[in-house]
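Peer 1: After the structure tokens below, expect a handful of questions from me.
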Amino acid sequence: MQTERFTVGVLVNNHYGVLGRITGLFSKRGYNIESLAVGTTENPLYSRITIVCIGDAYTRNQVVCQLEKLHDVLSAALFSDEETVITEHILLKIRTSGNEPNALISDIILRFNGKVRDFGKGFITAETSAAPERIDAFIEAVRPLGILETCRSGALAMSHGNSDLLQIPEA
Amino acid sequence: MQYKGAKLLIETLCDLGVDTIFGYPGGAVLDIYDELYLNAHRIRHILSAHEQGAAHAADGYARVTGKPGVVISTSGPGATNLVTGIANAYLDSVPLVAITGNVGVSLLGKDSFQEVDIVGITQPIVKHNYIVRDAAQLEHTIREAFQIATSGRPGPVLVDIPKSVQTQAAVYKGFSEAKPKPANPMPDLTEAAEAICAAKRPYIYLGGGVISGGAEKEALEFARRISAPIGLSIMGLACIPYNEPLNLGMCGMHGHYASTVAQSKADLLIACGVRFSDRATGNVDKYRANCRVIHIDIDRAELGKNVVPDICLQGDVKAILTGLLARLQPQQNPEWLAEIEALKQHLPPPPADTFTPQNIIRAVRRHMPQDAVIATDVGQHQMWVAQHYPFTQTRTFLTSGGLGTMGYGLGAAIGGCIGSGRRRTVHFTSDGSFGMNLNELATAVSQNLPIVTVILNNGVLGMVRQWQTIFYQQHYSHTTLCRQTDFVKLAEAFGAQGVRVTCIRELNAALESSPDSPLVLDCLIDMDECVFPMIPPGGCVEDIRIH
């Protein structure tokens, strides 16, 4: 079966140890995690996790079914590529020759809708938010200049429209 | 009412109907054991020789009674000793609640004496687990643990209770705050009913889910209604009486010839409460090459996990079979059933009176009541019992199907015997398996249980040796035991009776005079006995070896 990237959203109880149960499930069953992002929701009782995985149709189905068996998982859902807003954040520290951003770097950052967050002697730190492939392209664009550090958030996903995918239960 | 945590635990357990606990005391559960002392009239505590034995006993108790088994141990090594028992219950979907003590909350995470992260250790082998850091959460947690262990596909749940929580006071509410899980909606049965009507050669495959779902009666009625033979997974064994003509017995790697071959000739496989283990299917593609598959299971993740079904019916197997029965008229498949009858005659019966495992198992059966509880360890003897013991009642067969735990049997026999109200119990084992947890003979003696341990003693690790014979050019690497253990003297040292047996006549004599207390029969058998039929791992029905 064809292996491809897919994105899963998981709504979980906001307890300590829950993230371990999720990642434990992935390692136990041999599912690959490409990125994982987690944060509390508007209701502090619940957290929402976005996981980007690599796998075939069989794995996609099993990931959701096995996640839903976990007691701390309220719901898990696959995001379709067409119906989903997927974005990722990156902080990128780039080597510079002077003390200030030069025109070339500024131009690249601008091209990727980025911002300069910090700079000093020999470095500049930029940030941007974009689709993961766009983040990849950003990294490739600055690679020739010299990358000192990268820190990516992992993809965040939200379904298009007002569907109740991963709806938080009423109190 | 305000109680300290330990009393709160006991009150909650009593309220949940728990009257029997298996366990072993220790420093981190002293407060709980103090409450057990004060509440001995309400909860019976069975002291094991080792926590693993207690876990297997709670597992055996659950399999026989259908109620959740409860096991309790102290922190650290007490807790880690439960791990194999918990994993065993997980793989076989047995409702088990394991309660462990831990160091006080202020000492957690400091590598304190007898501290382990048992919640972390057991995470992959439980349905869920908890550490309770506040006594106010204890009652709710215990109630929820029982609900999780027993609902849907059953399984083990562990609750870790730090010592400080056992002494902390909290309010006992006396009722559950847990929201009951919504029942599974009934799936649409139209397509399945049509497929069943259209099938000329239907085959029903029943597993442990039929027993845990209490659907034995419906499954048999279903088979009779549509004139379909029944094959059983090892977990489903005993859910249909052996003498039911449609019952072909266990299928799979060491299944009955007729059961396995009939499956390969079927045009429709109706699988109920099974998970298509690799031991049952062999090569999955070939396994289902000739048939459509209807898979009925309560666990959605099982539908398509190992075998991709044509029709998935997720839900309670009893409700679904009842729904199908309401839609199905009686069907006749005389040609198919005639073919099945011919398959049944394929293997000649073994010669009578020789001291073979088959004859030993049948002889034991003749001395046992119909409702005897049968426990096994793991290996050749387990397969021989699964093949040849004529089960007539559900919930009488206790075996480690998924994990394959050598050393499971004696603990399970103890729990099964107690859970059944002290019915006659047989523990079939081997010298290898028995060597792992024979310390529980001490428990069988202290409880004076009517358990016969039948050791099929061949001086070797028979199943591994069989594979070495067939697949490893007879390189008998560390499977010849060269031990001098005298099991008769060993039994006597534990305070049980022991008899060495070398022929069927001696076996009959020993069983006729058998006491209502632990008895060990050391049956000396040939080390070259092999388990057949056998389908090599990853093979298919064409690869079946009869001898």
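Peer 1: Test of understanding: extend the Cα→C-beta vector of B:K181 to 7 Å, then name every residue of region B:191-226 with backbone N under 14 Å from that spot.
Peer 2: Within reach of a label on B:K181: B:213.
Peer 1: Another one. Going Cα to Cα from B:K173, which lysines come in below 24 Å? Please leave out same-chain ones fewer than 8 positions away.
Peer 2: Result set, ordered by chain and number: B:K4, B:K7, B:K67, B:K163, B:K181.
Peer 1: Tell me the accessible surface of B:W336 in square angstrom (1.4 angstrom probe, heavy atoms of protein chains only), to the nearest ten.
Peer 2: Only protein atoms counted, so the area is about 10 Å².
Peer 1: Follow-up question, since we're still on this one. If you count, for each residue, the other Cβ atoms within 10 Å and average over each peptide, how do B:169-181, B:10-22, A:11-23 line up from highest to lowest? Write down the numbers at each step before the final one.
Peer 2: Details: B:169-181: 12.5, B:10-22: 18.9, A:11-23: 16.6.
Descending mean neighbour count gives B:10-22, A:11-23, B:169-181.
Peer 1: Here is a follow-up. For every helix of n ≥ 4 consecutive DSSP H residues, a contribution of -39,500 (n - 2.57) applies; sum these over chain B, divide by its total residues, and give [θ] at 222 nm rounded to the nearest 500 deg cm²/dmol.
Peer 2: -10500 deg cm²/dmol
Peer 1: Another question, if that's okay. With both partners inside the protein assembly as shown, how many of the DSSP beta bridges are antiparallel, as a percent to the nearest 5? Walk me through the intermediate numbers first.
Peer 2: Numbers: 51 of 115 bridges.
Within the protein assembly as shown, antiparallel bridges account for around 45 percent of the total.
Peer 1: Let me ask you something else. Defining a contact as two alpha carbons under 8 Å apart and six or more residues distant in sequence, what relative contact order in percent does chain B show?
Peer 2: Once divided by the residue count of chain B, the mean separation gives 14 percent.
Peer 1: What is the gain in length, in nm to one decimal, between A:L78 and A:D56 on full extension, counting 0.36 nm per residue of separation less the C-alpha to C-alpha distance?
Peer 2: Additional length available on full extension: 6.6 nm.
Peer 1: While we're here: All other residues with a Cβ under 13 Å from the Cβ of B:K200 taken together, and with Lys, Arg as +1 and Asp, Glu as -1, what is their net charge?
Peer 2: 0
Peer 1: Let me ask something else. Among B:N448, A:L78, B:L246, whose Cα lies farthest out toward the positive end of the dipole of the protein assembly as shown, if unit charges sit on the beta carbon of Lys, Arg (+1) and Asp, Glu (-1)?
Peer 2: Of the listed residues, the answer is B:N448.
Peer 1: Determine, from the Cβ-Cβ distance of B:C482 and A:N102 and an R0 of 60 Å, the FRET efficiency 1/(1 + (r/R0)^6), rounded to the nearest 0.05.
Peer 2: 0.15
Peer 1: Taking the Cα centre of region A:85-156 as origin and charging only Cβ (+1 Lys, Arg; -1 Asp, Glu), how large is the dipole, in debye to the nearest 20?
Peer 2: Dipole magnitude for region A:85-156 comes out near 140 debye.
Peer 1: Mind checking how much accessible area B and A bury in total, 1.4 Å probe, in Å² rounded to 100?
Peer 2: Summing both sides, the interface buries roughly 1400 Å².
Peer 1: B:S164: accessible area at probe 1.4 Å, nearest 10 Å²?
Peer 2: B:S164 exposes around 50 Å² with every protein chain in place.
Peer 1: Determine which lysines satisfy two conditions relative to A:K93: a Cα distance under 25 Å, and not lying fewer than 8 residues away in the same chain.
Peer 2: A:K93 reaches A:K115, A:K121.
Peer 1: What is the log10 of I(q)/I(0) for chain A, computed with the Debye formula using one identical point scatterer on each Cα and no solvent, at q = 0.13, 0.17, 0.18 Å⁻¹?
Peer 2: For the requested q values the scattering log ratios are -0.72, -1.01, -1.07.
Peer 1: Tell me, what is the FRET efficiency for B:D19 and B:Q345 to the nearest 0.05, using R0 = 41 angstrom and their Cβ-Cβ distance as r? Display every interim value, and only then the final one.
Peer 2: Details: r = 49 Å, r/R0 = 1.18.
About 0.25, to the nearest 0.05.
Peer 1: A further question follows. Would you be so kind as to identify which of B:T425, B:W384, B:L347 lies farthest towards the positive end of the dipole of region B:340-428, taking Lys and Arg as +1 and Asp and Glu as -1 on Cβ and the Cα centre as origin?
Peer 2: Ranked along the dipole, the leading option is B:T425.
Peer 1: With contacts defined as alpha carbon pairs under 8 Å and 6 or more residues apart, what's the relative contact order of region A:26-79 in percent? Mind showing how you got there, number by number?
Peer 2: Numbers: 50 pairs, mean separation 14.8, N = 54.
This gives 27 percent for region A:26-79.
Peer 1: For chain B, with only Lys/Arg (+1) and Asp/Glu (-1) charged at the beta-carbon, what is the dipole magnitude about the Cα centre, in debye rounded to 20?
Peer 2: So the dipole magnitude of chain B works out to roughly 540 debye.
Peer 1: If a/c stays under 1.5 just call it rounded; otherwise compare a/b with b/c (prolate if a/b is bigger, oblate if not). Do that for region B:190-344, with a ≥ b ≥ c from the square roots of the Cα gyration tensor eigenvalues.
Peer 2: Numbers: a/c = 1.21, a/b = 1.05, b/c = 1.16.
In terms of gyration-tensor shape, rounded.
Peer 1: Under a point-charge model restricted to the Cβ atoms of Lys and Arg (+1) and Asp and Glu (-1), what is the dipole moment magnitude of the protein assembly as shown relative to its Cα centre, in debye to the nearest 20? Mind showing how you got there, number by number?
Peer 2: Numbers: 60 positive and 71 negative charges, 93 e Å.
Around 440 debye, computed over the protein assembly as shown.
Peer 1: For the pair B:N448 and B:N243, what calculated FRET efficiency results from E = 1/(1 + (r/R0)^6), where r is the Cβ-Cβ distance and R0 = 30 Å, to the nearest 0.05? Let's see the in-between values first.
Peer 2: Values: r = 33 Å, r/R0 = 1.11.
The calculated FRET efficiency here is 0.35.
Peer 1: Per residue of chain A, what 222 nm ellipticity follows from adding -39500 (n - 2.57) for every DSSP H run with n ≥ 4, rounded to the nearest 500?
Peer 2: That calculation yields -8000 deg cm²/dmol at 222 nm.
Peer 1: Which of these, A:Y58, A:Y31, A:Y46, has the largest mean-square fluctuation under a Gaussian network model of chain A (Cα springs below 10 Å)?
Peer 2: Result: A:Y58 has the largest fluctuation of those listed.
Peer 1: Ok, one more. Sort B:D353, B:D486 from largest to smallest accessible area, using a 1.4 Å probe on the heavy atoms of the protein chains.
Peer 2: Solvent-accessible surface, decreasing: B:D353, B:D486.
Peer 1: Compute the Cα gyration tensor for region B:23-181, then decide on rounded, prolate or oblate, letting a ≥ b ≥ c be the square roots of its eigenvalues: rounded whenever a/c is under 1.5, prolate when a/b is larger than b/c in the other cases, and oblate in all that remain.
Peer 2: In terms of gyration-tensor shape, rounded.
Peer 1: Could you work out how far the C-alpha centroid of region B:1-61 sits from that of region B:392-456, in angstrom?
Peer 2: Distance between centres, Cα-based: 21 Å.
Peer 1: Another question about this same structure. Placing +1 on the Cβ of each Lys and Arg and -1 on the Cβ of each Asp and Glu in the protein assembly as shown, which of A:I139, A:L91, B:I72 has its Cα farthest towards the positive end of the resulting dipole?
Peer 2: Looking along the dipole axis, the top candidate is B:I72.
Peer 1: In whole Å, what are the extents of region B:327-383 along the principal axes defined by its C-alpha atoms, from largest to smallest?
Peer 2: Cα spread of region B:327-383 along its principal axes, largest to smallest: 43, 30, 23 Å.
Peer 1: In terms of the Cα gyration tensor, with a ≥ b ≥ c the square roots of its eigenvalues, is region B:350-423 rounded because a/c is under 1.5, prolate because a/b exceeds b/c, or oblate?
Peer 2: Numbers: a/c = 2.17, a/b = 1.27, b/c = 1.71.
Because a/c hits 1.5 or more and a/b fails to exceed b/c, region B:350-423 counts as oblate.
The values are calculated or read from the model by the stated rules, or taken from the named source; none is laboratory data. Note that this is a predicted model, so its numbers are computed, not measured. Note that we place each Cβ from the backbone using ideal geometry, even for glycine, and neighbour counts take in every protein chain shown. Ligands, DNA and RNA are excluded from the accessible area calculation, which covers all protein heavy atoms including side chains. Shrake-Rupley method; radii C 1.70, N 1.55, O 1.52, S 1.80 Å.
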